[in-house]
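The values are calculated or read from the model by the stated rules, or taken from the named source; none is laboratory data. What you see is a predicted model, and the numbers here were worked out from it, not measured in a lab. Cβ placement follows ideal geometry from the backbone for every residue including glycine, while neighbour counts extend to all protein chains displayed.
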Amino acid sequence: MKTPRLLRAWRSARLFLHLLLGLTEVALLFKRRDAASRARAIARWSRRLCQILGIEVEARGDHPELVPTNTVLVANHVSWLDIFVMNAVCPSRFVAKSEVRRWPLIGWLCHRTGTLFVARERRHDTVRVNRQIAHALSSGDCIAVFPEGSTTHGLDVASFNASLLQPAIEAGAQLQPIALRYYDQHGLRSTAAAYVGEMSLIESMGLLLAEPRMRVTLDYLPTLAAQEYGRRELAQLAQQRIAERVRSDIELVVAAPEPSQPANGDDISPSR
């Protein structure tokens, strides 16, 4: 059963107001705050966003402190929502495709909160972004990457591209795999959050607003010392660990189209 239209309208109004409040806070207050205060504000705003959408966020495992240093988080990628779900637990600087910067409201918020944008159609833009990642890690930031290179329905994990993991190796960073799984109100695996194919952001939000309740689990898996591996080996190991957890309860699943085909090679791997 879907959410009644009146409740959807109420959620939509609250969501729009929440976005405006976020824009105001970032525009007026962020420059006056230190890194820890900004991280707390991002986590608080992201948790509130999930609450408005009726999404419970459950973090499992040994997740990092609020502002982990020299750390790279890698996760499977299901939706634009992944960024805010992860920020609700541990705020990070994400690597996203350049198109996200042009999204209304959300694109500006992502930009002002430190997202690094990469032009997916320009292969050599990875070099520029890798320099930015290296600088961010040396400055004590936490970086988050979705190495699949695109979104899937969240029922399996595509092969990981390795190109954006090179800075983690060079910086001697800790790399922490995270497995994201979305569930409906009955505890079944859900594809309602999936932002795939030619779906627009508005269509995606409509699907989320129509769900009565959802739950997303973030399994923080044991960290890897990046410098002990080559980038391809590191990407493969992280992918295997995440895929094992994502597939662990696949029998609890709603009917869904097949996940998108895996991407191969060392192509760039931004958020969708």
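Just wondering, is there one or more residues in the stretch 189-202 that are of a type in the set (Val, Ile, Thr) and over 16 Å from the mean Cα position of the chain (by Cα)? Yes.
Only one of Ala210, Ala162, Ala179, Ala168 is at pLDDT 95 or above and more than 16 Å from the chain's Cα centre (by Cα). Can you tell me which?
Values: Ala210 fails: at pLDDT 95 or above; Ala162 fails: at pLDDT 95 or above; Ala179 fails: more than 16 Å from the chain's Cα centre (by Cα).
That would be Ala168, the only listed residue that is at pLDDT 95 or above and more than 16 Å from the chain's Cα centre (by Cα).
Residues in the stretch 66-107 that are aromatic (Phe, Trp, Tyr) and touching a strand residue (DSSP E or B) at 6+ places or on another chain (Cβ under 7 Å): Phe94 only.
Given the condition out of contact with any Pro (no Cβ under 8 Å at 6 or more places or on another chain), assigned to a helix (DSSP H, G or I) and either on the phi > 0 side of the Ramachandran plot or not hydrophobic (A, V, I, L, M, F, W, C) (or both), answer yes or no: does some residue in the stretch 48-60 qualify? Break it down stepwise before answering.
Step one: filter the stretch 48-60 for residues out of contact with any Pro (no Cβ under 8 Å at 6 or more places or on another chain), giving 48-53, 55-60.
The next check asks that each one be assigned to a helix (DSSP H, G or I); those that pass are 48-52.
Then keep just the ones that are either on the phi > 0 side of the Ramachandran plot or not hydrophobic (A, V, I, L, M, F, W, C) (or both); that gives 48, 51.
Yes, because at least one residue in the stretch 48-60 is out of contact with any Pro (no Cβ under 8 Å at 6 or more places or on another chain), assigned to a helix (DSSP H, G or I) and either on the phi > 0 side of the Ramachandran plot or not hydrophobic (A, V, I, L, M, F, W, C) (or both).
Here Arg40 qualifies as farther than 11 Å from Leu209 by Cα, in contact (Cβ under 8 Å) with a residue 24 or more places away in the chain and of a type outside the set (Phe, Trp, Tyr). For the stretch 200-232, a residue qualifies if it is surrounded by fewer than 16 Cβ atoms within 10 Å (Cβ to Cβ), in a loop (DSSP other than H, G, I, E, B) and not hydroxyl-bearing (Ser, Thr, Tyr), and the qualifying residues are Pro212, Arg213, Pro222, Gly230. Every condition in (1) assigned to a helix (DSSP H, G or I); (2) touching a residue at least 24 places away in the same chain (Cβ under 8 Å); (3) more than 27 Å from Arg40 (Cβ to Cβ) is met by Phe160 except one, and the failing one is (1).
In the stretch 175-194, which residue that is among the hydrophobic types (A, V, I, L, M, F, W, C) and assigned to a loop (DSSP other than H, G, I, E, B) is nearest to Asp156 (Cα to Cα)?
Filtering the stretch 175-194 down to residues among the hydrophobic types (A, V, I, L, M, F, W, C) leaves 175, 178-180, 188, 192-194.
Next, from what is left, pick out any that are assigned to a loop (DSSP other than H, G, I, E, B): 188, 192-194.
On the way: Leu188: 15, Ala192: 15, Ala193: 14, Ala194: 12 Å.
That would be Ala194.
Among the residues of the stretch 50-70, is there at least one that is aliphatic (A, V, I, L, M) and within 16 Å of Leu21 (Cβ to Cβ)? So that I can check it myself, show each step before the final result.
Within the stretch 50-70, the subset aliphatic (A, V, I, L, M) is 52-53, 55, 57, 59, 66-67.
Now narrow it down to the ones that are within 16 Å of Leu21 (Cβ to Cβ): 52-53.
Within the stretch 50-70, one or more residues are aliphatic (A, V, I, L, M) and within 16 Å of Leu21 (Cβ to Cβ).
Being at pLDDT 85 or above, more than 14 Å from Ser92 (Cα to Cα), in contact with a strand residue (DSSP E or B) (Cβ under 9 Å, 6 or more places away or on another chain) and β-branched (Val, Ile, Thr), is that true of even one residue in the stretch 129-149? Checked against the condition, which is being at pLDDT 85 or above, more than 14 Å from Ser92 (Cα to Cα), in contact with a strand residue (DSSP E or B) (Cβ under 9 Å, 6 or more places away or on another chain) and β-branched (Val, Ile, Thr), the stretch 129-149 yields at least one hit.
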